[in-house]
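Everything below concerns the one structure shown next.
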Amino acid sequence: MDLLLPRRCAGCGSPGDHLCPRCRQALRIPPQRIHTRIDPHVPVWSLGPYAGTRRRIILSMKEHRHLEVRRLLGPVLVASVAHLQARGELVDAPVLVPAPTRATSARIRGGDPVSDVCVATGLPVSVALRHGRRVVDQVGLGVGDRRRNLSGALELRRRPAGPVLLVDDVATTGSTLAASAEALFAAGCDVVGALVICHA
Ligand SMILES: [Zn+2]
């Protein structure tokens, strides 16, 4: 396939690698606590603002079916989890639970990118949540509409075996993380935090 479609960096478009050394540097920032407008009632950590290289990487992993980038982001998440554990902010053996994607979005994108990134970490993963009823795409909705759109919309497919670390690609208002934590808490699960690749 490389002969037909030359490899380009997902961050800057330069030919040669799926993610060039310079763009990998942009993913080296340690996770920082952020505060979203809708509070998921668990600590939220982000690897940096949704801008520049990180934004382009997210867009290509989501919209351009850049499956290789999802695999490369696995170790980035592993490093972040280890960093939080070393700082004493995160428990030893969390189960990664990807924030759910609407099924139609996932089909268009060639599988759910966040689940793929979680699986690429090699850490325990439980695809525990799904949309229980129809929800509209969150893009373009305000804070209140996002909360209403997702409130009570998520259901548990299976119970994660252990403390849960929610994972998502981009945190904007925090509505998806809040709805996810709410569904897990309601089922008696222990949610210890949320880790996002970027925050907008
Ligand atoms: Zn690059």
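Just so it is clear, none of the values below were taken in a lab; they were calculated from the coordinates. Just so it is clear, the model here is predicted, and its values are computed rather than measured. Using ideal geometry, Cβ is built from the backbone for each residue, glycine included, and neighbour counts are taken over all protein chains shown.
Give the peptides 80-90, 174-184, 42-52 in descending order of average Cβ contacts within 10 Å, highest first.
Answer by packing, highest mean first, reads 174-184, 42-52, 80-90.
Under 5 Å between amide hydrogens, built in the peptide plane, is the criterion, and for residue 167 it picks out 97, 99, 195 among residues at least 5 positions away or on other chains.
Averaging over every viewing direction, what projected area does the convex hull of the Cα atoms of the stretch 90-170 cover, in nm²? Spell out each step's value before the answer.
Working: hull surface 24.0 nm².
Average of the hull's projected areas for the stretch 90-170 equals 6.0 nm².
Note on the chain: Kirkwood radius taken over Cα pairs, Stokes-Einstein applied at 37 °C and 0.692 mPa s, translational D equal to 193 µm² s⁻¹.
Close amide-amide hydrogen proximity is noted between residue 154 and 132, each under 5 Å apart and 5 or more residues distant or on a separate chain (H modeled in the peptide plane; Pro and chain starts excluded).
Taking only complete DSSP H runs, can you tell me which helices of the chain stretch 20 Å or more along their own long axis by Cα positions and average at least 0.5 on the Kyte-Doolittle scale?
Numbers: long enough: 67-86 (30 Å, 0.96).
Answer set is 67-86.
Using DSSP, restrict attention to beta bridges with both residues in the chain and report what percent are antiparallel, rounded to the nearest 5. Approximately 30 percent, going by the DSSP bridge assignments. Using a cut-off of under 20 Å, list every residue of the stretch 50-76 whose amide N is near the label point 7 Å from the Cα of residue 37 along the Cα-to-beta-carbon line. Those under the cut-off are 50-51.
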